[in-house]
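Enquirer: Structure below; questions to follow.
The values are calculated or read from the model by the stated rules, or taken from the named source; none is laboratory data. On a predicted model such as this, the values are computed, not experimentally measured, just so you know. Note that each Cβ is placed from the backbone with ideal geometry, even for glycine, and that neighbours are counted across all protein chains shown.
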Amino acid sequence: MPVGTQGTVKAVAQDVLESLGAEIILGNTYHLYLRPGYEVIRRMGGLHRFISWPRAMLTDSGGFQVFSLSALRKVTEDGVQFRSHLDGSSHFFTPEHSIDVQIALGADICMAFDECTEYPASRARAEESLRLTMAWAQRSLSHFRAHSHEVPWFEPKTGVPQVPSAWGPGIGNSIASPKASCMQCFGIVQGGMYTDLRRQCAERLVEMDFDGYAIGGLSVGEPRQLTLEIISEVLPLLPKDKPRYVMGVGYPDEIEQYARLGVDMMDCVLPTRAARHGLLFTSEGRVNIKNRQYAEDQNPPDPACNCMVCRRYSRAYLRHLMQAGEALSGTLNTIHNLAFYLGIMQRVRKNLHPGE
Ligand SMILES: [Zn+2]
């Protein structure tokens, strides 16, 4: 999933994302809650309509950003008090409030409110954090079940989903469904780097019966071998017939490795963020387009890539755009990186289902 933090996958327009084959993007609840505000987006008919994205969308719970971006956090059993990183205003997030905000945004998939355990964390700290995450998971799910019909694209009187007809059956398959709301809620497995805590969390969440399951709290600074170990430990405990999502990973070879293990979904800012800093992922390895060696290089960014950037532009031109600080630089670099990432997943899917 390309990451569209503030209702945009940075530097790339929605029609380009569609042509790249992106089937689902991620929006960040924390950012959208603060700006433009979830009530505004609700009045605009939900996030799909607001940003004109007819395909599927997932929103995170806001928890990760509350813990990583905001100032003066105070965590209690009930929720988290924090100050906005934008203007210092004070806010209080509970599992119920996070779900309410996500329902107002109206993505296809929302996430339970959790605490992302920092790394490294002592066993006592990881246990306490996990206890909170599991209590919050149950509260998130109960609230979601009671309120998921309040999505902004659902017309309660007629029971007809309010989908612009020009959009066809997109907007996740969910909207075309006759059910009142097919918005789904995923639980998040935490537990730090302790495999027994991870196992305990996974089993408890499966009992709660979420629509899908994520493994969170990875890629937070731990060695890569440990990331793999946790995923390999947790994945078999999660139902195969529901989506299994690893949050916040990873480098191209990692996402291929995890997909082959059975991970269905991943999100990462890496392809987009690295692109804006001039780092391209290619079939020949990483290319730092700022390097002098590319100043007169007429080759495409990645000779093996057939994306709209590689078909048209040279490394020398991309380097020049970067050096000149041109806005097009971020756009072209990002398009290639997303094409490369999405290409990996398309290849993995093809191998899993040959002939399709
Ligand atoms: Zn390319």
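Enquirer: Could you count how many residues in the stretch 278-318 are closer than 30 Å to residue 243 by Cα and surrounded by 15 or more Cβ atoms within 10 Å (Cβ to Cβ)?
Expert: 5
Enquirer: Filtering the stretch 99-131 down to residues that are charged (D, E, K, R) and buried (at least 22 other Cβ atoms within 10 Å of the Cβ), which residue is nearest to residue 205 (Cα to Cα)?
Expert: 114
Enquirer: Have a look at 335, 344 and point out the one that is more than 9 Å from the ligand (Cβ to nearest atom) and not hydroxyl-bearing (Ser, Thr, Tyr).
Expert: 344
Enquirer: Right, something else. It is to be established whether one or more residues within the stretch 14-22 are surrounded by fewer than 19 Cβ atoms within 10 Å (Cβ to Cβ), modelled with pLDDT of 95 or more and part of a loop (DSSP other than H, G, I, E, B).
Expert: Checked against the condition, which is being surrounded by fewer than 19 Cβ atoms within 10 Å (Cβ to Cβ), modelled with pLDDT of 95 or more and part of a loop (DSSP other than H, G, I, E, B), the stretch 14-22 yields at least one hit.
Enquirer: Looking only at the stretch 182-218, which residues are assigned to a loop (DSSP other than H, G, I, E, B) and not acidic (Asp, Glu)?
Expert: Answer for the stretch 182-218, where residues must be assigned to a loop (DSSP other than H, G, I, E, B) and not acidic (Asp, Glu): 182, 183, 190, 191, 192, 193, 194, 210, 216, 217, 218.
Enquirer: Of all residues in the stretch 330-356, which are surrounded by fewer than 17 Cβ atoms within 10 Å (Cβ to Cβ) and of a type outside the set (A, V, I, L, M)?
Expert: Those that are surrounded by fewer than 17 Cβ atoms within 10 Å (Cβ to Cβ) and of a type outside the set (A, V, I, L, M): 346, 347, 349, 350, 351, 353, 354, 355, 356.
Enquirer: Now for a separate question. Looking only at the stretch 1-42, filter to residues that are without any contact (Cβ under 8 Å) to a residue 40 or more places away in the chain and among the charged types (D, E, K, R); which one of those is farthest from residue 332 (Cα to Cα)?
Expert: Result: 23.
Enquirer: Only one residue in 275, 327 is crowded, with 20+ Cβ neighbours inside 10 Å and either away from the ligand (no atom under 12 Å from the Cβ) or of a type outside the set (D, E, K, R) (or both). Which one?
Expert: From the options 275, 327, the qualifying one is 275.
Enquirer: Looking for something acidic (Asp, Glu), in contact with an Asp or Glu (Cβ under 9 Å, 6 or more places away or on another chain) and in contact (Cβ under 8 Å) with a residue 24 or more places away in the chain - is there at least one such residue anywhere in the stretch 254-276?
Expert: Yes, the stretch 254-276 contains a residue that is acidic (Asp, Glu), in contact with an Asp or Glu (Cβ under 9 Å, 6 or more places away or on another chain) and in contact (Cβ under 8 Å) with a residue 24 or more places away in the chain.
Enquirer: Let me ask something additional. Find the residue count for the stretch 228-247, including only residues that are touching a residue at least 12 places away in the same chain (Cβ under 8 Å) and surrounded by fewer than 21 Cβ atoms within 10 Å (Cβ to Cβ).
Expert: So the count comes out to 10.
Enquirer: Same structure, new question: Give just the number: which of (1) touching a Leu at 6+ places or on another chain (Cβ under 9 Å); (2) modelled with pLDDT of 95 or more does residue 260 not satisfy?
Expert: Residue 260 satisfies every listed condition except (2).
Enquirer: Let me ask something else. Any residue at all in the stretch 301-316 that is over 18 Å from residue 17 (Cβ atoms), more than 13 Å from the ligand (Cβ to nearest atom) and modelled with pLDDT of 95 or more?
Expert: Scanning the stretch 301-316, I find at least one residue that is over 18 Å from residue 17 (Cβ atoms), more than 13 Å from the ligand (Cβ to nearest atom) and modelled with pLDDT of 95 or more, so the answer is yes.
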